[in-house]
Amino acid sequence: MAKMNMLQAINNALDLAMAKDDSVVCFGEDVGHFGGVFRATSKLQEKYGKARCFNTPLTEQGIAGFANGMAAQGMKPVAEIQFADYIFPAFDQIVNETAKFRYRSGDEFNVGGLVLRSPYGGGIAGGHYHSQSPEAYFAHTPGLKVIIPRNPYQAKGLLLASIASPDPVIFFEPKKLYRASTGEVPEEYYEIELGKAEVTQQGKDITVLAWGAQMEIVQKAVDMAAKEGISCEVIDLRSILPWDAETVAQSVMKTGRLVINHEAPLTGGFAGEIAATIQKMCFLHLESPIERVCGLDTPYPLALEKEYVADHLKTYEAIKRAINF
Amino acid sequence: MTNPNNATITTVHTAEFTAGDALKIPTLRILRDDGSLYDGATEPELDKTTALKMYDTMVFVRVLDERMLAAQRQGRISFYMQCLGEEATTVGSAAALDDKDMIMAQYREQGALRYRGFSLEQFMNQLFSNEKDLGKGRQMPVHYGSKDIHYMTISSPLGTQIPQASGYAYAQKLRGLKNTTICYFGEGAASEGDFHAGLNMAAVHKAPVIFFCRNNGYAISTPANEQFVGDGIASRGVGYGMKAIRVDGTDILAVYQATKMARDYALEHNEPILIEAMAYRLGAHSSSDDPSGYRSKEEEEKWRHNDPISRYRLWLIAKGWLNEAEDKSTIDALRSEILEALKVAEKVAKPGIEHLISDVYKEPIPALQQQLDELKAHIRKYPDAYPITAGRLD
């Protein structure tokens, strides 16, 4: 085991994947010699050459389309979109092409092996063009897998599983945690299964669910609740699509209550999907309405970021509301 | 011509490719490093007042950049982008326009903004995202904008203003306005799909827009030779069927001259036109970037000698329009003026909490109003956690 931050874990995963399989290539804006603006690809060009790790022109639709073509040819492109806020020029290539390659061709062609990595989320004083959490847009598209890790260990295992996946994966990395989150990470190759949630804390009174950078925030709220004698079960969803309804439902059947927290705005956010599904699966077990603690239905602001975010205090209040319903 | 409806097709009967870099577009230079003119060059018509305003603007943004970069390093603002080495591109072009011509910028065009009359206080209010910021504190530093001075508020996503500029200029034409739109972008942004879409739309629909490419050699860490091959960006304008010119972007007289001619042409013929200004981004891409990771000190040093301001200064002195001693005291005065304005702006309060939900729609929809009410109740419960807004709730 080695101590790594999230960027080092991602870099280590890419390094192992490229060493293991010649068909893995990394590219994107500034990812070549410079190693990416956040340095996730640092030293990879040095190690594997310019043909397998390279800079692209500034064209997100070009990057996604190019990755589609490479993957259709049988390679495993791991392309970086510099910020998730800038993934939208590539939206057509991802939603209409990446997602539907296999389906529309009757599996004559597919782009399994394609991974689009992108830093997402707020908390870095980035205003609305450097803070968005766009997972719900992609979760609405059949054919894509959407993954969000919360720590270095997960980032490595989930990224390696994404590269090995026979389906295309959108891999959102919480940039707020890139350097802030450190932990023990095995140096060897390992995968964490996609589509499985992780119960990070056992509890009996209420289930609290989040993913990515919000996991730290809900943990703070859960710790506050514990001081009031409220026992929370905490779940990290990890995979937004496919998502692990079974694990969540089992927990809610035990606790009878659910709080879902995400960074993105409330309306149309993925919490709505979860709430609807769990309400159906657990209707007779629910002791209170499912609570959603999310961003406001506005673009992500700069000056009033603190007020906007789905923070620990708002989560704590939601936990108490659910308990005292 | 490749248009099948066009009768004047030239045909050949032996196969021969036209090379990708066959179209060599020369670079216009008027002013030498020593402030004299190149042989055969004519200086543009410039009166003393305009010429000095151009100079003052360049000096202003140079000092502002230096001061604000330092402020960023001190943690007083979160982010900054300087235009060191590129002052002549945006100031020279803005000076050649009418004050009511629309400016659609990328993010490194503080020279054009200042030339239009954006005040020091307005710069500071935006940089400190306080309640006097015209953008209400929502965007990162340097995302300026002002309707009064016809400067479209900057959006971060790259190149999105390019097709918008085509549409804006087309609407100006339809409304019979005698104004053009200038659209700035870097050579990196010229790789975006929006660039191609925007140029093609403008060319086909004859929009009087001036596409102004600041080719400064780097898109963050990616050098121009990893961004495009062929003869730069100017030739792409020709590819879309519009006139194009390449100028030395460190030569303000060349930039001014080319933009003046471009504006006249665009308005007279209702056509788009492309200017590619060759310069060098002497500073970092932004305060989050460190160029030492991707280029050498020697390379930077070479360009440091190619300073657009000192060259123009020498020209002004030679003309007898500028006095060296006065110039120095102006710069010193500017430094303290900027520092004073900075101290004032950083003490101005942040925007009120109602601005969390204003301007999402013309009027907040019911869900937003409800969310704000809930948020206020929450803040009243935990005032210490939300110090910016807690003391100011109605």
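The values are calculated or read from the model by the stated rules, or taken from the named source; none is laboratory data. Owing to the predicted nature of the structure, the values given are computational and were not obtained by experimental measurement. Heads up, the Cβs are rebuilt from the backbone with ideal geometry, glycines too, and the neighbour counts pull from every protein chain shown. Please note that ligands, DNA and RNA were not included when accessible areas were found on the heavy atoms of the full protein model with its side chains. Shrake-Rupley method; radii C 1.70, N 1.55, O 1.52, S 1.80 Å.
Over both sides of the B-A contact, add up the buried accessible area with a 1.4 Å probe and give it to the nearest 100 Å². Approximately 3400 Å², summed over both chains.
In the elastic network of chain B, a GNM with C-alpha springs shorter than 10 Å, the most mobile of B:59, B:238, B:247 is B:238.
Residue-wise HN-Hα couplings along segment A:70-87, as the Karplus relation 6.51 cos²θ - 1.76 cosθ + 1.60 with θ = phi - 60° gives them from phi, are 4, 5, 5, 7, x, 8, 10, x, 10, 9, 9, 9, 3, 9, 4, 4, 9, 7 Hz; Gly and Pro carry x. Legend: mean number of C-beta atoms from other chains within 10 angstrom of residue C-beta atoms, peptide B:361-374, equals 2. Treat each spin label as a single point 7 Å out from the Cα along the C-beta direction, and report the residue B:171 to residue B:153 distance in nm. Rounded to a tenth, the inter-label distance reads 1.5 nm. Taking amide hydrogens as placed 1.01 Å from N in the peptide plane, the amide H of residue A:146 sits under 5 Å from those of A:170, A:240, A:241, each at least 5 positions away in sequence or on another chain. Applying the Karplus relation 6.51 cos²θ - 1.76 cosθ + 1.60 with θ = phi - 60° to segment B:270-279 yields 3J(HN,Hα) values of 6, 9, x, 8, 10, 10, 10, 9, 8, 9 Hz, where x marks Gly and Pro.
The listed residues B:124, A:75 rank as A:75, B:124 when sorted by accessible area, largest first, using a 1.4 Å probe. Taking amide H positions as modeled 1.01 Å from N, with prolines and chain starts lacking one, the residues under 5 Å from residue A:292 and 5 or more places away or on another chain are A:260. Using a probe of 1.4 Å on the protein chains alone, the accessible area found for residue B:304 is around 110 Å². At a probe radius of 1.4 angstrom, the accessible area of segment B:81-229 per residue rounds to 30 square angstrom. For segment A:167-176, putting each phi into the Karplus relation 6.51 cos²θ - 1.76 cosθ + 1.60 with θ = phi - 60° gives couplings of 10, x, 10, 9, 10, 8, 10, x, 5, 4 Hz, in residue order, rounded to whole numbers and with x for Gly and Pro. Each stretch of four or more DSSP H residues adds -39500 (n - 2.57); spread over every residue of the protein assembly as shown, this sum gives -11500 deg cm²/dmol at 222 nm. Let me know the shape class of segment B:184-256, please: from the alpha-carbon gyration tensor, a ≥ b ≥ c as square roots of the eigenvalues, rounded when a/c is under 1.5, otherwise prolate if a/b is greater than b/c, or oblate. It comes out oblate by the Cα gyration axes. Here the label points at residue B:394 and residue B:346, each 7 Å from Cα along the C-beta direction, are separated by 3.3 nm in the simple model. Put the Cα centre of segment A:298-315 next to the Cα centre of segment B:256-309 and the gap is 38 Å. When both bridge partners sit in the protein assembly as shown, DSSP labels roughly 20% of those beta bridges antiparallel. With 0.36 nm allotted per residue and the present C-alpha distance subtracted, the residue B:24-residue B:381 stretch has 121.7 nm of extension available.
Share of carbon and sulfur in the accessible area of chain B stands at 53%, probe radius 1.4 Å. Please work out the Cα center distance from segment B:47-97 to segment A:16-81, rounded to the nearest Å. Here the answer is 36 Å between Cα centres. Specify whether the C-alpha gyration tensor of the protein assembly as shown places it in the rounded, prolate or oblate class, a ≥ b ≥ c being the square roots of the eigenvalues: rounded for a/c under 1.5, otherwise prolate if a/b is larger than b/c and oblate if not. Prolate shape, in that a/c is at least 1.5 and a/b is the bigger ratio. Quick check: Cα centre of segment B:125-144 to Cα centre of segment A:116-167, how many Å? For segment B:125-144 versus segment A:116-167, the Cα centre distance is 29 Å.
Mean separation of Cα pairs under 8 Å and 6 or more residues apart, divided by the residue count, gives segment A:262-325 a relative contact order of 40 percent. Among the residues of A:31-43, the average count of other protein chain beta-carbon atoms within 10 Å of the residue beta-carbon is 3. In terms of distances greater than 24 angstrom between alpha carbons, the cross-link table entries A:175/A:306; B:24/B:100; B:24/B:173; A:204/B:381; A:76/A:156 yield B:24/B:100; B:24/B:173; A:204/B:381.
Between residue B:33 and residue B:325, the contour length at 0.36 nm per residue exceeds the alpha carbon distance by 103.1 nm. Between A:221, A:90, A:303, the residue with the greatest mean-square fluctuation in the GNM of chain A (Cα pairs under 10 Å linked by springs) is A:303. Taking the DSSP bridge list for segment A:193-325 and keeping only pairs wholly inside it, about 20 percent are antiparallel. Note on chain B: with a GNM built from Cα contacts shorter than 10 Å, the maximum mean-square fluctuation among B:205, B:143, B:13 falls on B:13.
Once Rg and the Kirkwood radius are both taken over the C-alpha atoms of chain A, their ratio Rg/Rh works out to 0.97. When the other protein chains are added to the chain by itself, burial of at least 20 square angstrom of heavy-atom accessible area (probe 1.4 Å, ligands and nucleic acids ignored) affects these residues of segment A:69-91: A:86. Across the protein chains, with a 1.4 Å probe defining accessible surface, the residues B:108, B:392, B:76, B:236 rank B:392, B:76, B:236, B:108 from largest area downward. Close amide H partners of residue B:295, meaning residues 5 or more places away or on another chain with modelled amide H under 5 Å apart, do not exist here. Rounded, prolate or oblate: which one fits segment A:1-62, using the alpha carbon gyration tensor with axes a ≥ b ≥ c (rounded when a/c is under 1.5, else prolate when a/b beats b/c, else oblate)? Oblate shape, in that a/c is at least 1.5 and b/c is the bigger or equal ratio.
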